[in-house]
Structure formats: structure tokens, C-alpha cells
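Let me begin by presenting the structure, written as C-alpha cells, before commenting on it.
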Number of protein chains: 2
Amino acid sequence: MTRTGPLNGLTVIDMSRVLAGPYATMVLADLGARVIKVEIPDGGDDARHFGPFVNGKSAYFMSLNRGKESIALDLKSPEDRATFEGLVVSGDILVENYRPGTMEKLGYGWERLSELNPKLIYGAISGFGHTGPYRTRAAYDMVVQGMGGIMSVTGQPGSEPTRVGTSVGDITAGLFGVAGILSAVIDRERTGKGAMVDVGMLDCQVAILENAIGRYLGEGKIPEPLGSRHPSITPFEAFATKDENIIIAAGNEALFERLCQAIARPDISSDAEFASNDLRTKNHARLKHELETTLCTRNASEWLKVIGDAGVPCGPINNIKQVVEDEHVNARNMIITTEDAEAGTVRMAGNPIKISGFEDPSERKAAPDLDADRQAVVDLLSD
Amino acid sequence: MTRTGPLNGLTVIDMSRVLAGPYATMVLADLGARVIKVEIPDGGDDARHFGPFVNGKSAYFMSLNRGKESIALDLKSPEDRATFEGLVVSGDILVENYRPGTMEKLGYGWERLSELNPKLIYGAISGFGHTGPYRTRAAYDMVVQGMGGIMSVTGQPGSEPTRVGTSVGDITAGLFGVAGILSAVIDRERTGKGAMVDVGMLDCQVAILENAIGRYLGEGKIPEPLGSRHPSITPFEAFATKDENIIIAAGNEALFERLCQAIARPDISSDAEFASNDLRTKNHARLKHELETTLCTRNASEWLKVIGDAGVPCGPINNIKQVVEDEHVNARNMIITTEDAEAGTVRMAGNPIKISGFEDPSERKAAPDLDADRQAVVDLLSD
């Protein structure tokens, strides 16, 4: 077998749909695991029907399910249940993102799964996890972004509620799920025993609140949205230039000094009101005004060169087109392609985990059509 | 040895500072690994000096470094280099988040590290990764949030640039780092060989853009900030009520129908302009107006009960105080404590990865003082 990734040899039974679970199994597939999507016969994964479409195929589905296989199983039919149980017995990892209770209704709760295969790692990703008072509630990314506090610190001061522009509720749950699943695989290699990994999206939102919790508990003030500004490091935000906004992140005294030198405003760094990070944070509005007075005399690209050459972290605010075309993003193989029979060449985000000794192919196997790999999967069982 | 997590028995040499690396090693420590922070003698990890402070101790540092040990090593002193090399030889995983080139300058590039310990897993987390044209550039979270596109889709339409309110650039890089490191550990158990895991923060930002790339490449339109609204599902956003805003996420036809029934506005679901998700997305402004006309007649808490009871995903927009006090968040053990000699009881976010067979302690070992574990670490080497 060609070793395409460190997880070669591991088989994942993927009952997950839409985003959080499929994101986790995408990472596992990118790392070399064999991922078999078990889909309902009637339409499969809901995400197959989410736009935008390319020649009738969902770009959303295709990007999240590249490199996976698909078998459609009706878990109400005895024959398909036998096939599914065969997969459970022979597989290493099972991932699902149903609401707690659903697997039990199907007859495949953790107790039954571990009876079928005591070595199975069962990754259950849900809105609120399998314990606690909200466990049976339905959740989407939008709901946990609201409940988990990230929306309360995102946005312009005093603005309407602002969502993080991508589904970080789903995606971080997928990533914590991967971490839990792989740690359980490591444990299994020593103990021979499987485990259930229970990841709730709301928990993950709490886990990524970073310094917001410390600021609230340490200072007793409830953190609020600050636009682009960092709560405790200044200058560390977006600034206007003559044309576009740019990011400048002068995270310490030396960098602040260098920034003021680079834009020929030594008066700013010698100003007593800006003499320490705490003072700069307190007087951030005046500091921003002073810096922008100079920054607005030249274009973004000129300033990025001048400030970047001075060694001060800075950068443009790229739109999605600029990201997709960026030379470094492409040099890092972060825009890859798949070849789909109907949709043709489809570009999507690549794998950000680069590991020595393994290839990082810029073309990956396309997402499967519903039930496309039935024969290969059934063959796996008869091996 | 008590088994506190699936990674018990693995030792992590942690040279990382501030956020992305320490976040990764915090996850590893939460999962049971022994994490030894190797810090510079002069002040240690920069984050020890970041506010807010509790009795002189950084709440930021304490929350990210709970459960780790610390040894201060001057890598210019031959004696300390010998200790460090002893750690590399006996350790399993090394994590650092320096700019590429720094480890080589210290004499500990990947080549040298793997010579010292061919089984070592080396996790290098950096702004732009170890290859590509920007590799030597400095980056902070703020810079990659700007360059990676997430800021271009976050914020109110037409507003000033808006940062995601927590450092998702660092945190997602930490999580992808953990996934890569653990996959390499799994591979090592079979091959006996270590590997270098190279994770760039900018790459990770691209990897979490989700449907934004598909929308741009599929439709040719550059995605823009949409406030709290989902780009392709409607209604799926924040709505005003008589007092607070709430989230309603009616992600399919059945849920939309139920929502309109629950708020006694069947006229909305029978309106031809709202007859499909595509039509609702197209006519989102009028739909929002119609819904809010009714929602503004009662308080948030009343509507959340009515809409939630109807099975429609919904929730409040909690601030950090509400998150920390939430009954489910606490039932899931997502607010834990450590006991610090000077700072006393410190509360912080817990571990969102719940694994059967392992405890999830609500009190964890506090973050170490600088060099606090020198003796224990030196003892480890003489074992």
C-alpha cells in the first residue's frame, strides 16, 4: 500500500452530515485514513443539496468530502444493518454528528457499538454533548456562536450582532473531535480498548474564548466587541491608508518604536501618552488618529513594504479572491483541485498539516457520488 | 501510574510561547501528556507578562499553561544545552512556535533534533510555515486574520474592518498542530520513526474559510460581510425582540414552517416570496422585517421558550458573564479551577474533549512558576 499519510491503515465509518462531523473526517482522510461515508439512500448527506452548485454538484459538499468513499445504507433494512455491523466490526473509528439519542434509536448507541467492536473509537460530535441539561436540544453553528460568547466580543462597538463569517462553531468542534479521536487511537494501541469521544459544539466555543474569560474573571468587566482592535495590545488593529485598510500588529515596545521610525513619526513613540502598552491601550483612539494622519498619505501597498521591511508584523486585509490567488497560499499548496466527472476541475482549500515523509498532493480524489463505492466497501468486508 | 488521559506516558518538550504553541500543548496536557515548558531564564514565556493580572500573576498565562511543568534553560550555556539535549533524547514530542530559522540558529533544526532522537515528533507552528515566499515574515494572529480572508467575511455590511473577537488564527493553528502531532505519533507506533509537522497559521485560516471559497469559485462573486446572517440559509441570524437580540436558525423547510406556526404568523410561511430557501435568502430583508414585527412584541426569554419548544434551533446571544454562569456550560465542566499559591483559585475554560474511561477533573494543576519543576525534570533524565 502506498503510504499517503500517517493514518494509512485506519478505517473510518463516517455517518456524519453537513459540517462538523464531515470536517473532522476530512482532516482524517487528508491524513491518510480510509473514510467510508454511510449515507441515507434518500438523497444522502444533506450537504449534497446545499449551494452553490457547479454543474448540479454542490461545491460545499465536494470540498468537505474529497477523498472519501460512499455507501448508501438503509438502517431500517436487515440486510443493510448486517452490512453496517460488518463495517463496525472491521473499522477503527466511527464518527457521527446526530443529536444525542439518535444512535440509540437506530439501535447503535455506544453500548451496542462497543459490544460489536470493543476496539472501536466512537467520535460523537453534537451541539451540546451527550450530558447536561441542553443535551437533547438542536443546535446549528449560529446557535452556539450566540450562546458561547464569541458573538459578544465580535463586531464594531455598539453595532448589530455580528457572526464570525465562517462556521467556527462547527469547525472547531470538528478539530477538537479529531484531537480526541486520535488520542483515543494512541491509547488503544497500548490497551487494546476503544473509547467514546463526546465533543459538544458549545463546549468548544467556550474553549476558544481565549483571554475573554480571563479578562472577565480577572477584572470583573464584561468584554465587548472592539472592531478590529486587540483588547490588551496596542497598536494591533486595522488602519486606514490612502486606499485600502491594512493590519499593523506592533506587539511590543521594540516593534512600536520601529513602526514610528518606519513611518517617520518618531514624535508618536516619544509621546508620553503612548509610553507603554497600557497607556497606548488606554489612549488607543488618539494613537490611531495620529498614525492614520500619516498612513493616509500613501497607498496600502507602499506602507506594507515600508513597515514590513522594518520588521513590524503587518499585512493586507485580503478578500477571498486575493486569498485564492496569493502566491504564498499557493506555494503552500493550500488551494488544491479535485476532478469530478460532472463538475470538472473543482478548486478548494488544501490540508494545512504538512508532515515530513508524506506527499501533500495538489490534486486529491474527488468527493464520491452517493453509494459510488458500494462494491469496494462490500469487498472490504469479505476480505 | 494513574491514567488521567489517553496520552499518559507521552512527554512533550514545549519551547512554545504566548498562544498558538501553548494552546496546542495545553490540549496535549489536558489529554494526559506530560508537558515540560522549556523557558528562557530571563522572564520566561512572554505571556507571563500579559494582563490581566491576579495578585501579580497573568490570568492569560495561567489559563493556557495549567497542568504543565517549567524548567528555565539558557540555550547558550553548555550545561543547559546538555540538559535540553537529554530532554530531546528522552522525550516524545517537541513543540515550538518560533519564526522558521530560529531553531537552526539555536543549533536545533529538524535535522539535528532527529539525529538526537530519530523517534521524535517535532511540531513547528509558525505564522507562514517553513516553506514558501513569506516563511521568514513575522506574524501575529491579527496579521493572518487579515491576510487569510476571515476578516473580509466578518462584520456588518459596509462597516469598518472587523476582527474575530478571539485569536482564531492562533487557536486553529494550535488545533491543526495537535491533529498533525497525534497522527505522527500513531504512525511512529508502527514505523518507529519520528516526523516533522509544519503548521502555518495563514494556511489554517484558509482551511477554515468553509463555504466562502466555494461561493467565490462557484459563483465568481467575492463574499462580503453579512452581519449575523448566513450567506445561503435563511432565516439563520440574529433577530431583535422586545428586549434582547436572539438567534434563530431555521435551517430547512420544516423548521421554517414550525417557526412561523410557533410565533403565530402562518402568513409568513405561506407568502410566495418566502416559499423556498433560495427565495428567503433573496428576500431576507423583508423576511427579517416581517419576523421582527412579531418578535418585538415580547421579550427574548419568552420567545426562546416558545420557539425552542417548537423544536426550532434558537438561543440567546450570551455575554462572557452569562457563558461563565450558564448551567449547561458548568454541567459540562467547561469552567474549571486551578489553585495558585499567589493568585488563589483561578477559573478558566475546561477541556471540551470528553473521553469515556477518563476523568475530567474540575480542578486541574495550576500553571507552573518559571523553573518550578527543574528538579523533577532533571530527575526524569537520570531515570
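None of the figures in this text is laboratory data; all of them are computed from the coordinates on show. As the structure is a prediction and not an experimental result, all values here were calculated from the model. Heads up, the Cβs are rebuilt from the backbone with ideal geometry, glycines too, and the neighbour counts pull from every protein chain shown.
Structural remarks
- Here the simple spin-label model places points 7 Å from the Cα toward Cβ, and for residue B:279 and residue A:46 these points are separated by 2.1 nm.
- Between 0 and 90°, nearest 10: helix A:253-262 axis offset from chain A longest Cα axis: 60 degrees
- Each of A:323, A:176, A:216 was placed along the dipole of chain A (beta-carbon charges, centred on the mean Cα), and the one lying farthest toward the positive end is A:216.
- Over all orientations, the protein assembly as shown has a Cα convex hull whose mean projected area works out to 31.1 square nanometres.
- The value given for the stretch B:247-311 is a Kirkwood hydrodynamic radius of 11.9 Å, derived from the mean inverse Cα-Cα separation.
- Out-of-range pairs (alpha-carbon distance over 32 Å; input B:282/B:305; A:365/B:68; A:321/B:119; B:57/B:305): A:365/B:68; A:321/B:119; B:57/B:305
- The three principal axes of the Cα atoms in the stretch A:224-341 give end-to-end lengths of 65, 33, 24 Å, sorted in falling order.
- Karplus-derived 3J(HN,Hα) values for the stretch B:78-89, using 6.51 cos²θ - 1.76 cosθ + 1.60 with θ = phi - 60°, are x, 5, 5, 5, 5, 4, 4, 5, x, 5, 4, 5 Hz; glycine and proline are entered as x.
- Surface/4 estimate of mean projected area, convex hull on alpha-carbon atoms of the stretch B:297-346, nm²: 4.8 nm²
- Taken about its Cα centre, the protein assembly as shown carries a charge dipole of about 280 debye when Lys and Arg each add +1 at the Cβ and Asp and Glu each add -1 at the Cβ.
- Residue-averaged 222 nm ellipticity for chain A, from DSSP H runs of 4+ at -39500 (n - 2.57), nearest 500: -11000 deg cm²/dmol
- Electrostatic dipole magnitude of the stretch B:184-228 [Cβ: Lys, Arg +1; Asp, Glu -1; Cα centre; debye, to 20]: 140 debye
- For residue B:335, distant residues with modelled amide H under 5 Å away: B:350
- For chain A, with +1 on Lys and Arg beta carbons and -1 on Asp and Glu, the positive-most of A:47, A:102, A:67 along the dipole: A:102
- Rounded if a/c under 1.5, otherwise prolate or oblate - the stretch B:157-243, Cα gyration tensor axes: prolate
- Rounded if a/c under 1.5, otherwise prolate or oblate - the stretch A:25-71, Cα gyration tensor axes: oblate
- Seen against the Cα atoms of chain B and their longest principal axis, helix B:20-30 is set at about 80 degrees.
- As a rough guide to protection, the peptides A:245-254, A:149-158 ranked by mean Cβ packing within 10 Å, highest first, stand as A:149-158, A:245-254.
- Pairs of alpha carbons in the stretch A:299-381 separated by more than 18 Å make up 64% of all such pairs.
- Set against the 2.2 N^0.38 Å expectation for a compact globular protein, the stretch B:2-120 has a Cα radius of gyration ratio of 1.06.
- Chain A: equivalent-ellipsoid semi-axes (sqrt of 5 x gyration tensor eigenvalues, Cα, Å): 46, 24, 18
- Amide H contacts for residue A:32 (H built 1.01 Å from N in the peptide plane; partners 5 or more residues away or on another chain; cut-off under 5 Å): A:7.
- ³J(HN,Hα), Karplus 6.51/-1.76/1.60, whole Hz, each residue of the stretch B:171-176, x for Gly, Pro: 5, 5, 5, x, 5, 4
- Cut-off under 5 Å, modelled amide H: who pairs with residue A:123 long-range: A:94, A:95, A:96, A:197
- Rounded to whole Å, the principal axis extents of the Cα atoms in the stretch B:89-205 read 54, 29, 20, largest first.
- Taking the Cα centre of the stretch A:224-359 as reference, the dipole from Cβ charges on Lys and Arg (+1) and Asp and Glu (-1) amounts to some 260 debye.
- Derived scalar couplings ³J(HN,Hα) [the stretch B:119-124; Karplus, 6.51 cos²θ - 1.76 cosθ + 1.60; whole Hz; x for Gly, Pro]: 8, 5, 9, 10, x, 10
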